[in-house]
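Structure, as structure tokens:
The values are calculated or read from the model by the stated rules, or taken from the named source; none is laboratory data. Note that this is a predicted model, so its numbers are computed, not measured. Here Cβ is always computed from backbone atoms with ideal geometry, including for glycine, and neighbour counts include all displayed protein chains.
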Amino acid sequence: MSRVTTCLSIVVALPVLMAGPPSAHAAAPDNTATYALNMFSDVDGVNVYTHYIDYGLQTAGDLTAGFQWVHDKVVIPAIDAAPGTPEAIDGITSASRPIIDNQDAFEDFVKIRNSLQGSVAYKGANASYYVSSENDYVAQMVGAGYNRAFLDENFNLSGGASYSWDDIKPLESDGSIGSAYRNTLHWNLVVTQVMTPTSVLRLGLEYNDVRGQQHDPYRSVYVDGGTEPEHHPDRRSRRDAFLKVSKYLGNESSLKLDFRYYEDNWNISSQTYGVKLNQRVSRQVTFRYRYRYYTQVPAWFYRDDYRTIAGVDGYQTGDYRLGKYGAHLFGGHITWHPEGLFAGIGFLEHTELNFTYERYFNSNNFTANILETSLSVSF
């Protein structure tokens, strides 16, 4: 299975002018508004269109606030394949694709999602609220965190926690009846230490306790010539630890290394290794090279083939991401500031262009060529 993925992102930053002159006794607030449009498509006809509107507020004191509204439209075309087979599973999202029936063609699947997020921060403390709404899914989350620097700003300790609650209402027309819920408790702790004037070390721990429905209500599992609905355990505790090292190499280049270990009570464990090399070749151009390797062992109830409709102790999955596999990702990224090209043309002097190519492949014979281009203009 192979796939070419392309993404075009256009970002325009708009300043928000406040009424009245600034106070002579305080710095003027820094307020910004941003609009972004992302378009994603692949060779299988899946299209995603996303609109972003961001607003940021910086007061004369230490209080900052931010708001973001996101509108997504996902279009997945129907295909001619048997339900539950690998061909009927989208390689990127692992969701079941709409199937063309022999009697009458199945319409393309279209989903609309709107989300709103607000956050405030004062000195080292921050709080946020998020809500997302789809025609069959409503998600909400509240979070808070705090960070503080010690030892002349060379040591930083930060922590955060969040609680989310999701209301799942599968569409009856898709064969799934009945509402469900999913609640998630999350916390994290991160330590950052400046080791030398040119190197930084970061260590972190994360924990998630997820309760409620955790399978895809629209995904089917191919069992002994037929299909059965997917079913996962309703509790999952997820734990991971990570290590990151950043090193300035001189000659305007830097190296970043990272490692992450993950495990959960479904007996999945994984390891991720990553390396990034950044090189500034001129005032206008920066290159980034990246490689990442991922490997994991499967969930205790995962099987390549289920022999009975009872699955394994009543559980079965069609999600390859719960199985055993390894994956590689490598590629390059170019950032270009064409200052000379637009010199003297106002806001165009702040134009930034980004080009990314990455190659992904895994042991499940899935490959993807990821192409991304972005353009940002600030004024």
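Things to note:
- Selection count where residues are under 30 Å from Tyr315 (Cα atoms), aromatic (Phe, Trp, Tyr) and within 19 Å of the chain's Cα centre (by Cα), scope the stretch 229-266: 2
- For Arg235: the one exception among (1) surrounded by 14 or more Cβ atoms within 10 Å (Cβ to Cβ); (2) at pLDDT 95 or above; (3) out of contact with any His (no Cβ under 7 Å at 6 or more places or on another chain); (4) not small (Gly, Ala, Ser): (1)
- Residues in the stretch 287-307 that are under 25 Å from the mean Cα position of the chain (by Cα) and outside any loop (DSSP other than H, G, I, E, B): Phe287, Arg288, Tyr289, Arg290, Tyr291, Arg292, Tyr293, Tyr294, Thr295, Gln296, Val297.
- Residue in the stretch 216-228 that is within 20 Å of the chain's Cα centre (by Cα) and either under 30 Å from Ala127 (Cβ atoms) or not in a strand (DSSP E or B) (or both) present: yes
- Leading residue by the ranking (modelled with the highest pLDDT) among those in the stretch 47-90 that are among the charged types (D, E, K, R) and not in a strand (DSSP E or B): Asp62
- Any chance Tyr146 is at pLDDT below 95 and in a strand (DSSP E or B): no
- Selection within the stretch 281-293 - among the charged types (D, E, K, R) and surrounded by 15 or more Cβ atoms within 10 Å (Cβ to Cβ): Arg288, Arg290, Arg292
- Test: residue in the stretch 335-342 that is over 28 Å from the mean Cα position of the chain (by Cα), more than 30 Å from Gln279 (Cα to Cα) and at pLDDT 75 or above: no
- Just so you know, in the stretch 352-375 the residues that are charged (D, E, K, R) and in contact (Cβ under 8 Å) with a residue 60 or more places away in the chain include one that is nearest to Gly323 (Cα to Cα), and it is Glu358.
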